[in-house]
Amino acid sequence: MLEKEEIFSKVLRAGRRTYFFDVRATKADDYYITITESKKFTEEDGSFHFKKHKIYLYKEDFAAFTEILEEMTSYVLNHKGEEVISERHQKDFKKEYASERMTADGSIPETSSFTDIDFDDI
């Protein structure tokens, strides 16, 4: 799919990630949106590369997409608040996380592992 030049663009920089929101035109000169996530990866030798993932969002899906995005963001904020909870943002995250998971006898139950899947794999 060939993309035409951007009609309107916004950029959101968020740490190692950058999000690009672009309005583009179809061949029929109707508009659609692309959302691109670009994530910077640094190699051991100091060089770096970017991985990009793109979503194409067409007008017929705007209302449903917006509704679900609003529902999902509200759910997260209502259940976890706006404070970021992560290893990166809290130095004692592992200690806090482990204490929350401890059983009555002081042990931490084992969990099943999972495989992290990258969109490039699909």
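The values are calculated or read from the model by the stated rules, or taken from the named source; none is laboratory data. Small disclaimer: the values here were computed from a predicted structure and weren't measured. No Cβ is skipped: glycine too gets one built from the backbone with ideal geometry, and neighbour counts run over all protein chains shown.
A few notes on this one:
- Among the candidates Ile85, Ile55, Ile68, residue that is at pLDDT below 90 and among the aliphatic types (A, V, I, L, M): Ile85
- Qualifying residue in the stretch 39-54 (condition: closer than 23 Å to Leu69 by Cα and among the β-branched types (Val, Ile, Thr)): no
- The stretch 7-36, subset under 18 Å from Asp61 (Cβ atoms) and of a type in the set (Asp, Glu), residue modelled with the highest pLDDT: Asp22
Quick grid of which residues meet (1) among the β-branched types (Val, Ile, Thr); (2) surrounded by 10 or more Cβ atoms within 10 Å (Cβ to Cβ); (3) out of contact with any Cys (no Cβ under 9 Å at 6 or more places or on another chain); (4) not in a helix (DSSP H, G or I):
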site: Thr18; (1), (2), (3), (4): yes, yes, yes, yes
site: Ile55; (1), (2), (3), (4): yes, yes, yes, yes
site: Thr66; (1), (2), (3), (4): yes, yes, yes, no
site: Glu70; (1), (2), (3), (4): no, yes, yes, no
site: Ser74; (1), (2), (3), (4): no, yes, yes, no
site: Glu82; (1), (2), (3), (4): no, no, yes, yes
site: Ser86; (1), (2), (3), (4): no, no, yes, yes
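- Residues located in the stretch 21-39, provided they are touching a strand residue (DSSP E or B) at 6+ places or on another chain (Cβ under 8 Å) and either over 11 Å from Ile55 (Cβ atoms) or acidic (Asp, Glu) (or both): Asp22, Val23, Arg24, Ala25, Thr26, Tyr31, Glu37, Ser38, Lys39
- The single condition from (1) exposed (fewer than 12 other Cβ atoms within 10 Å of the Cβ); (2) at pLDDT 95 or above that Lys4 fails is (2).
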